[in-house]
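See below for the structure under consideration.
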Amino acid sequence: MNEHRYDILVAGAGHNSLITAAYAASAGFRVGIVEAMDEVGGNVVTDELYPGFHFDTCGSAHSQIQSNPVISRNELRLTDYGLEYIYPDVKAICVFEGGESIAFSKDVDETVAQIDAYSTADGRAYRELLAEIQGIAGFFQMDAQRPGGVEHSTEDPDIRRLQRFLSMSAYDVVMERFEHPVVQASLLYKSSLTIYPVNYPGSTRTLLTGILGSHGGAWATPRGGSGSLTQALRRLLEAKGAEVHVSTQVARLLIEDGRCVGIESTDGRRFYGDRAVVSTIHIKHLVEMAPPELWGADFLSGAGSFKPGFTLFAQYLATTEPPRFLCRDGERTAIAGEIPFSVPDMVEGMTDHVLGRFNSRAGIVVHTGSLVDDSRAPAGHHTIKIVGPQPYRLADGGPEAWDERKEEFADLILAEVRKVAPNLTDDVILYREIKSPLDLERRNLHNIEGSCHGGSQFPSQMGRMRPVPGWSEHRMPIPGLYQTGATTHPGGAISGHPGRNAARVLLEDLGTSLEEVVAGNAAPDASAVTHR
């Protein structure tokens, strides 16, 4: 059958577009979804890279989605479809050569005690910064959960204060308030976890969520792997009659009388959305799928100047032991071992990134989800993901040079990890797989230049500037077409906010509302959780 017809067609099956589709299907619309990859999930997937070992091959941190009503209020009843989160008590340990460390735990007093070991003044400053952040957290969430974000012209002084805070660099905030290098580096590393330079304007956004998450939902772990979220969404959708077409790549948008009515796939099949078409195709690819005059010069200019963002380099280890970090108070394990090295190393590492130079000390995260989720590996074994920023275009060879040099570079990064976790010897490692920025781009069309966050966090393309000024509220210049995903507000990471925000706009345009859908679901107040 070469033609498929639905009320709403969704192009792309990342977690955001699946959330939009789930609200639409819950409202009673007949939904169809097309996805270029052979499984749904986009960058929120779990793959069996080695027999019995299940890895989050891209996104792992389900921190920001914890405040999304999709999870916090269980609005879609995803717990009925198998979603279960585990919340570790110790969120992360920042570790340094020589045994220096700070463990960030759910308990504020325990975290402050770790900081006090280096500076009691910094311990006080941390409590003050946390109180300040908690004071504006509600406004931050309001901004994230509003299509296009909060209007910048608002007269509310608290919102203006939040906007000023979010426009600053994390470097300025941290270096002005804290004195000890270990504390400075540990806090600054929180702001680098979305692969954005700590000394760039706007980097306080991740500092805010990182500190809040340290005492809440940071490193929340779906049982079974990151892909358990998107698999639960797929089960929900199919239970409500939606159809999912994988291995179906979009070639072009179908336009009738100036309106988007569907898509044509690369193999010639046509898929129609009689009421609406929702895209999560990267904005830079999307504009190539319809005649330029339909987008207009302003939109095309905005899409053309949209920056893909900073890129990642990853390696995955199947092991017989977890990494055991050498810490100030002895050997410790944690779901996330964060290796900042130092403040100068972080700044220099991202400068090298811009210049196309490999730097093994640009900052590293060692993620071991199997520490809290024993379904990811055989008994007594572990899955470890080592990830950090590296440039897509190497100055001495361009992107293609990665194919020849990625193993060499992975060895250099692993050597740095072994300085703080020396037990990760060769005999402990059963299997290793390496993914360069070029590999990440090949895996997912959305990962332009290896960037997994849908576009940089530059202030010029955040909030009402994202993806293009004038089109921040999910409606596109072509009638009938809506955009969601990481290229829309509030951007990348596993937050689900773009998906829920797009659903709000779409449902209102179709004569219903997100609130009506939620009321019809009659969901429990909170998701099923396990604490470890």
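Bear in mind these aren't lab numbers, they're just calculated from the coordinates by the rules spelled out. None of the values given here were measured: they were computed from a predicted structure. Using ideal geometry, Cβ is built from the backbone for each residue, glycine included, and neighbour counts are taken over all protein chains shown.
One table, with the values for the structure above:
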read-out	value
The chain - percent relative contact order, Cα under 8 Å, separation 6 or more	26
Computed label-point distance, nm, for sites Ser342 and Val108 using a 7 Å Cα→Cβ extension	3.3
Cβ-defined net charge surrounding Ser60, 14 Å radius [Lys, Arg +1; Asp, Glu -1]	+1
Overall form of the stretch 417-532 per C-alpha gyration tensor (a/c, 1.5; a/b vs b/c)	oblate
Distant-in-sequence amide H partners of Leu49 (H built 1.01 Å from N, under 5 Å)	Phe55
For Ser105, residues with placed amide H under 5 Å, excluding near neighbours	Lys91, Thr111
Those trypsin sites (Lys or Arg not before Pro) in the stretch 265-357 that DSSP places in a loop and that have at most 14 other beta carbons within 10 Å	none
Pairs from Lys284/Lys307; Lys307/Lys385; Lys190/Lys284; Lys190/Lys307 whose Cα-Cα separation, in the structure shown, is over 18 Å	Lys307/Lys385; Lys190/Lys284; Lys190/Lys307
For the stretch 362-367, 3J(HN,Hα) per residue [Karplus equation, 6.51 cos²θ - 1.76 cosθ + 1.60, θ = phi - 60°, Hz, x = Gly/Pro]	7, x, 9, 10, 10, 9
Cut-off 13 Å between beta-carbons: net charge of the residues surrounding Gly123, Lys and Arg +1, Asp and Glu -1	-3
Pairwise centroid distance, computed over Cα atoms, of the stretch 146-182 with the stretch 360-411, Å	31
5 angstrom amide H check on His489, placed H, neighbours 5+ away	Gly148
Per DSSP, loop GluC sites (Glu not before Pro) in the stretch 125-195 with at most 10 further Cβ within 10 Å	Glu155
Charge sum, other residues only, whose C-beta stays under 15 Å from Pro467's C-beta, Lys/Arg counted +1 and Asp/Glu -1	+2
Whole-Hz ³J(HN,Hα) from phi, Karplus 6.51 cos²θ - 1.76 cosθ + 1.60, for the stretch 386-392, glycine and proline x	10, 9, x, x, 8, x, 6
Globularity index of the stretch 158-302, i.e. its alpha-carbon radius of gyration over 2.2 N^0.38 Å	1.51
Residue-averaged [θ]222 nm for the chain, counting only DSSP H segments that reach four residues, each worth -39500 (n - 2.57)	-10000 deg cm²/dmol
